[in-house]
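Input: a single structure, listed below in structure tokens.
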Amino acid sequence: MPNSQNNNPPRRTLLLTGASRGIGHATVKRFSAAGWRVITCSRHAFPENCPWEMGPEDHIQLDLADAANTEAAIAEIKTRLPDGELHALVNNAAISPKAEGGARLSSIETNLATWQHVFAVNFFAPIMLARGLIDELKAAKGSVVNVTSIAGSRVHPFAGTAYSTSKAALAALTREMAADFGKVGVRVNAIAPGEIDTVMLSPGTDKIVEAIPMHRLGTTDEVAKIIYVLCTETSSYVNGAEIHINGGQHV
């Protein structure tokens, strides 16, 4: 009788940026519960209260605004993939700087250094990671998910101009990546969350919720579930899509 262990599929690996809170935190829990190994990247050291099993051994402290640091992290990530396979990359990390008092930064007020910092994290880091790990994604016939935003397709009352335009650029990049990476068997999609119940919510969000057809905020787990679907066989023919998760806010 064959060993039952031989019937178990190999453990899949996810690389997730921006894992320390909100949607990233919920994504770790969702994939970990399904038996995935999760390698996390964030600006912060590993927090002891986080839920993933491997903890510090599978966490990389990384400043995505620093291209050299990102390149070094890619080399480090490769050493942590002994089979040379990466089944999913989720580019969730993002920054959204505010003006004094938490006010929205408009296109007139945003200085060049802020534009460059936001685009380094929100736009350039995702393609650097995906391109740097393309061989590992190709070996696993993996999936890339870019986290965009409802602010990428309309002027938002709270999201600053640099954040919004970086997310619009990331949505366009997702289409380009889907065309390029799809040729080597790697699917690339995006999710565009709307008003999700996280610590990033701004005062006055309740007024937006009144206009959402479902009359409530989304939960981080509702977003994580869609990310999970896009990284599994359920979405095996979905490529180049941007899925809106906003309770109908955009209609």
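The values are calculated or read from the model by the stated rules, or taken from the named source; none is laboratory data. Here the structure is a predicted model, which means the values were calculated and not measured. Because the Cβ atoms are built from the backbone with ideal geometry, glycine has one as well, and the counts that use them run over all protein chains shown.
Matching residues to (1) within 23 Å of Asn239 (Cβ to Cβ); (2) touching a Leu at 6+ places or on another chain (Cβ under 6 Å); (3) modelled with pLDDT of 95 or more; (4) in a helix (DSSP H, G or I):
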site: Gly101; (1), (2), (3), (4): no, no, no, yes
site: Ile108; (1), (2), (3), (4): no, no, no, no
site: Pro126; (1), (2), (3), (4): yes, no, yes, yes
site: Asp135; (1), (2), (3), (4): yes, no, yes, yes
site: Arg154; (1), (2), (3), (4): no, no, no, no
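If I go through region 23-35 residue by residue, how many of them are buried (at least 22 other Cβ atoms within 10 Å of the Cβ) and not in a helix (DSSP H, G or I)?
0
Hey, among Ala192, Ala224, which residue is touching a Lys or Arg at 6+ places or on another chain (Cβ under 6 Å) and crowded, with 20+ Cβ neighbours inside 10 Å?
Ala224
State yes or no: is Ala162 in contact (Cβ under 8 Å) with a residue 24 or more places away in the chain, out of contact with any strand residue (DSSP E or B) (no Cβ under 9 Å at 6 or more places or on another chain), buried (at least 20 other Cβ atoms within 10 Å of the Cβ) and over 20 Å from Ile245 (Cβ atoms)?
When the stated conditions are applied, Ala162 passes them.
Hey, any hits in region 176-197 for a residue that's touching a Pro at 6+ places or on another chain (Cβ under 8 Å) and in a helix (DSSP H, G or I)?
No, region 176-197 has no match at all.
Looking at Ala45 and the list (1) surrounded by fewer than 18 Cβ atoms within 10 Å (Cβ to Cβ); (2) in contact (Cβ under 8 Å) with a residue 40 or more places away in the chain; (3) part of a loop (DSSP other than H, G, I, E, B), which single condition is not satisfied?
Condition not satisfied by Ala45: (2).
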